[in-house]
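K.L.:
So that we are looking at the same thing, I have put the structure below in structure tokens.
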Amino acid sequence: MAEKIIMFFRYYVPRFLCPNLSFRISRPSNRHYHKLNHNDTQTQVSVKQKPSSFITDTEIQSEFSHHAPGIARINNGSFGCCPASVISSLHQWQLKLLRQPDDFYLNELPNGILESRTVIKDLINADDVEEVSIVDNVSTAVAIVLKQTAWSFVEGKFDKGDAVIMFRCTYGAVKNSIKAYFLRAGGYAIEVPFNFPVTSNEEIVNEFKTALRREKGIGRRVRLAVIDHVTCMPSFVMPVKELVKICKEEGVEQVLVDAAHAVGCVDVDMNEIRADFYTGNLYKWFFCPPAVAFLYCRKSVMTHLDLHHPVVSHDYGNGLVKETGWVGTRDYSPYLVLPSVMEFVNRFEGGAEGIRNRNHDAVVEMGKMLAEAWGTNLGCPPEMCSSMVMVGLPACLGVLSDEDAMKLWELLCKKFSVEVKIHYQNPKDGELAPITGYVRICHQIYNKFEDYCRLRDAINQLVRDGFNCGNLEVCMFLPSSTFLVCRLPFIFGFFPRTRF
Amino acid sequence: MASSPDHHLNGDPKTHISKKPKLSPTFITAAEIAAEFSHHDPNVARINNGSFGSCPASVIEAQQRWQLKYLAQPDHFYFNELKKGIHQSRTIIKELINADHVDEVSIVDNATTAAAIVLQQTAWGFSERKFDKGDAVVMLHYAYGAVKKSIEAYVTRAGGYVIEVPLPFPLKSNDEIIAEFKKALERGKANGRRVRLAVIDHITSMPCVVIPVEELVKICREEGVDQIFVDAAHSIGCTDVDMKRIGADYYTSNLHKWFFCPPSIAFLYCRKSPKCPELHHPVVSHEYGNGLAIESAWIGTRDYSPQLVVPSVLEFINRFEGGIEGIKKRNHETVVEMGQMLAKAWGTHLGCPPEMCASMIMIGLPACLGILSEKDTHKLRTHLREKFGVEVPIYFRPPKNGEVESINGYCRISHQVYNKVDDYYKFRDAINQLVSEGFTCAQLSS
């Protein structure tokens, strides 16, 4: 009941104006730092709740007052968000480095990284902090895992034609990485199709099993499975635990779970999921600044696999944890703010779990509201949603290609100030007037009911105006000629588009 | 003296930087310089700019503005601002280094990343049988440790044969380097081997000397070396950097060391040539296959702000008389002066002639300090930091056979615009105190 009251006030009470910047740019010359709850001596991260005084709505708005005003920002899934108090912590770390870098890199950095790794280990229920490495982002983690498979081909451990299995909706950048390493070294890629909208976990699991058994049946050795935890586009939650189990039963050697969205969005438990590798971004749903992510490597796997960061530095050969802790002179401050982020998260009732649950409930509620308003449907059952949900767009809008999706996205952004991702779904053969366009709405703690109303009304207006994507000119974001050649595939959707 | 911006400039060295220094005499003052670096720890004689560089307050502020811009509306930033901003930075760098085309200039995190990019393609060369097992890669003995490891991780692992060019230290002249390099190339070509790659430092890290890269590149071309990669981590803002004159295939330099950028940003220059294969960033993302420069401009969600502040950095530099050329020249002259002062005070010598230095110089430490191993250098460095507030790296030079009571420890001092002569006096006095106390490294615990 309390949660419903909180949601009511958040959605229906008009937001108060906040100052544009809730924190000061820390000028080194005046040495004034924004006060925060940063505790330099904290070594053990507490996930216990502070009694009573949870963060207020005004405080939340203040923490995100640096967000561009006037935008319905319902695309947290792409680039995430970072509250002002964590940004402040970030700047403090940056200044510490600049003040005396030698001392910082030698003495502070290793301790700070260990502290952050410990926070992550607890968050994801890993057994040992040595299983947790920090990297910039999931793209980096994927490169680490795939590189060792490339060496396996080169060094004769794998045979040419050995396979990697993944779903068709695997993230575009990950597919590129598979091409750059696994395929280039002689491997073969198996893409598992599935229907969308999805109706149950069973259909996903069955498609996977069928594809895996079929390939094994023709004598293919499947060396690696790459499985999303929360898919990007279209977005839904994969039954990873079951899929990992099937992989192990069917003799897939290594399982990599691409969990770019997972932490802060769904339950993440290494002991439950039991993958060999699991990687997640922390700047999407866990309030970290760009960019910090982790790569979890099961201990049993690390003993016999040669994993290396591709940027080789002094710690080469000392283990992945050490290697990732130093990849040359860099600004590592995003890696160091995890304790500050935990402090922020623990200001919320129920902590990270409370935030997750409320985001999920709110996004499902908003998704249903939109589907009802447009006469469409959700892209999956609510229990397969995270803090994001796909909502069908009215078919009359004519989203008939990836390019149309881009055009509509741009229009919503420029004309209606709504930031939301659009997905084009290939219709099944024979389907008449199918819903081929979907929005992916997100809910994070800074969102308001009005954000979704704005989207609802924008689409309703487009429908009333008889709008059709076919009428729009080519993407207004057409880049300058310098980039035209490289961006064309992007525009026309030959690349898995930047569907963050 | 060391910090004076009014230090007389003897003639104006040639410049190919398109943005010329301000002509009006309102150059940055000493007080303004001090304010720009007031975030430095005031208790430390920071004479190690070479390791991690420095970044003035006005550039830090510019960086934070970029960070905020992104956080305000990241989607918009990604689609409308980021590529433009990186392209602008690349264009400035292209001008600075006298490259032919902006396509030749990629921005990466640091020279370590650039080395991984170049060496990764060498590894593919072996793996994909373009190169034969046992084909050679040549590097200097004084190549940076991380680069040596990268060569091990990529070249040795893929089946290449690595040849180290031994170099004497202290050095007397470029001829010593050239002679050893030629010998190493001969070894590389022995038994019908091909030398697939030469990795040459422009300014070695430890011990620090300026290598005659132009001559070495010429020799490589004459001897049929496939590709030449110059690791110039220190160079930009420290010594002359001219791609057309140097003539290498690949050249990388950090901008956060001597070019006032925040950590971290470097460029990797790749000469446009049909024989240079396609390079890829090891972190693969959406732009894979679109050319290294475009790949490097998006390697997943990151904070790209260090790569966007280059225009602000140029503004800062142009507040100095002579711009970057003026800064380089004054740094060089001052560090040589300070080096000679210290060598005289301690009764030791410089590690190489002044003309083989840039903005850093090696000075022998008194032998009685008992620097007998690399471990001793770390201990002494920590001791100087903790007890005397002096930040300076130390190099252990193994004694040659038959040498008695040789100088085996050398410090590397740097000079950058924020340094003061007191920094060097503090160091001088610290060492003198240690000598007078009869200190030896053996007294320090591990």
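Rule-based calculations on the coordinates, nothing more; no lab input. What you see is a predicted model, and the numbers here were worked out from it, not measured in a lab. With ideal geometry, Cβ positions are generated from the backbone for all residues, glycine too; neighbour counts draw on all protein chains shown.
K.L.:
For a quick check: with amide H placed at 1.01 Å from N, whose amide H comes under 5 Å from B:Asp303's, ignoring anything fewer than 5 positions away on the same chain?
P.N.:
Close amide H contacts, sequence-distant or interchain: A:Ala291.
K.L.:
Continuing with the same structure: What does the convex hull of the Cα atoms come to per residue for region A:229-283, in Å³?
P.N.:
Spelled out: Cα convex hull of region A:229-283, divided by residues, is 76 Å³.
K.L.:
Now a separate question. Quick one: of B:Lys182/B:Lys218; B:Lys94/B:Lys329; A:Lys322/B:Lys148; B:Lys94/B:Lys257, which pairs are farther than 20 Å apart, Cα to Cα?
P.N.:
Check vs 20 Å cut-off fails for B:Lys94/B:Lys329.
K.L.:
Another question, then. What list of ³J(HN,Hα) values in whole Hz, one per residue of region B:220-233 in order, does the Karplus curve 6.51 cos²θ - 1.76 cosθ + 1.60 (θ = phi - 60°) give from phi, with Gly and Pro shown as x?
P.N.:
4, 5, 5, 8, x, 5, 4, 9, 10, 10, 9, 8, 10, 3
K.L.:
Can you give the FRET efficiency to the nearest 0.05 for B:Asp422 and B:Asn401, using r as the Cβ-Cβ distance and R₀ = 35 Å?
P.N.:
Approximately 0.30, to the nearest 0.05.
K.L.:
Tell me the label-point distance for the pair A:Asn271, B:Val435, using the 7 Å Cα-to-Cβ offset, in nm and rounded to one decimal.
P.N.:
6.3
K.L.:
Be a star and scan region A:436-453 for residues whose amide nitrogen sits under 14 Å from the point 7 Å along the Cα-to-Cβ vector of A:Asn377.
P.N.:
Backbone N within reach: A:436-438.
K.L.:
While we're on this one: Rounded to the nearest 0.05, what FRET efficiency do B:Lys218 and B:Asp41 give with R0 = 30 Å and r taken as the Cβ-Cβ distance? Could you check?
P.N.:
My answer for the efficiency is 0.10.
K.L.:
So, one more: Going through the cross-link list B:Lys344/B:Lys420; A:Lys160/B:Lys133; A:Lys368/A:Lys448; A:Lys284/A:Lys415, which pairs have a Cα-Cα distance over 22 Å in this structure?
P.N.:
Violating the 22 Å Cα-Cα cut-off are A:Lys284/A:Lys415.
K.L.:
Quote the charge dipole size of the protein assembly as shown about the Cα centre in Debye, to the nearest 20; the model charges only the Cβ of Lys and Arg (+1) and of Asp and Glu (-1).
P.N.:
So the dipole magnitude of the protein assembly as shown works out to roughly 660 debye.
K.L.:
Treat each spin label as a single point 7 Å out from the Cα along the C-beta direction, and report the A:Ser200 to B:Glu128 distance in nm.
P.N.:
4.7
K.L.:
Taking a virtual spin label 7 Å from the Cα of A:Lys209 along the C-beta vector, which residues in region A:242-259 bring their backbone nitrogen under 20 Å of it?
P.N.:
Residues passing the 20 Å test: A:242-253, A:255.
K.L.:
Another question about this same structure. How high is the FRET efficiency between B:Ser446 and B:Ala190 when r is their beta carbon distance and R₀ equals 25 Å, given to the nearest 0.05?
P.N.:
Here the calculated transfer efficiency is 0.05.
K.L.:
OK, next. If I model a spin label at A:Lys299 and B:Leu372 as a point 7 Å from the Cα along the Cα→Cβ vector, what separation in nanometres do I get?
P.N.:
Calculated label separation equals 4.1 nm.
K.L.:
Taking a ≥ b ≥ c as the square roots of the Cα gyration tensor eigenvalues, with a/c under 1.5 meaning rounded and otherwise prolate when a/b beats b/c, else oblate, which class fits region B:35-91?
P.N.:
In terms of gyration-tensor shape, prolate.
K.L.:
Follow-up. How about A:Lys407: which aspartates and glutamates have a C-alpha closer than 20 Å to its C-alpha, ignoring those fewer than 8 places off in the same chain?
P.N.:
Within the straight-line limit of under 20 Å, A:Lys407 reaches these aspartates and glutamates: A:Glu419, A:Asp457, A:Asp465, A:Glu473, B:Asp75, B:Glu81.
K.L.:
Any chance you could run the full-extension gain for A:Glu250 through A:Asn471? It's 0.36 nm times the residue separation minus the Cα-Cα distance, nm to one decimal.
P.N.:
Taking A:Glu250 through A:Asn471 to full extension adds about 74.6 nm, to one decimal.
K.L.:
Rounded if a/c is under 1.5, else prolate if a/b is larger than b/c, else oblate: which is chain B, with a ≥ b ≥ c the root eigenvalues of its Cα gyration tensor?
P.N.:
oblate
K.L.:
Let me ask you something else. Want the number for A:Glu431 to A:Asp457: 0.36 nm per residue separation, take away the alpha-carbon distance, what's left?
P.N.:
Full extension of this stretch gives 6.6 nm more.
K.L.:
With a ≥ b ≥ c taken as the square roots of the eigenvalues of the C-alpha gyration tensor of region B:228-338, please select rounded if a/c is under 1.5 and otherwise prolate if a/b is larger than b/c or oblate if it is not?
P.N.:
Cα axes put region B:228-338 in the oblate bin.
K.L.:
Say the cut-off is 27 Å between C-alpha atoms; which of A:Lys414/B:Lys83; B:Lys328/B:Lys375; A:Lys179/A:Lys216 go over it?
P.N.:
B:Lys328/B:Lys375
K.L.:
Please give the average number of partner chain Cβ atoms lying within 10 Å of the Cβ of each residue in A:165-177, rounded to a whole number.
P.N.:
2
K.L.:
When we measure straight from the Cα of B:Lys275, which aspartates and glutamates land under 19 angstrom away, once same-chain ones fewer than 8 places off are left out?
P.N.:
Partners within reach: B:Asp100, B:Asp103, B:Glu104, B:Glu128, B:Asp132, B:Asp135, B:Glu222, B:Glu223, B:Asp226, B:Asp249.
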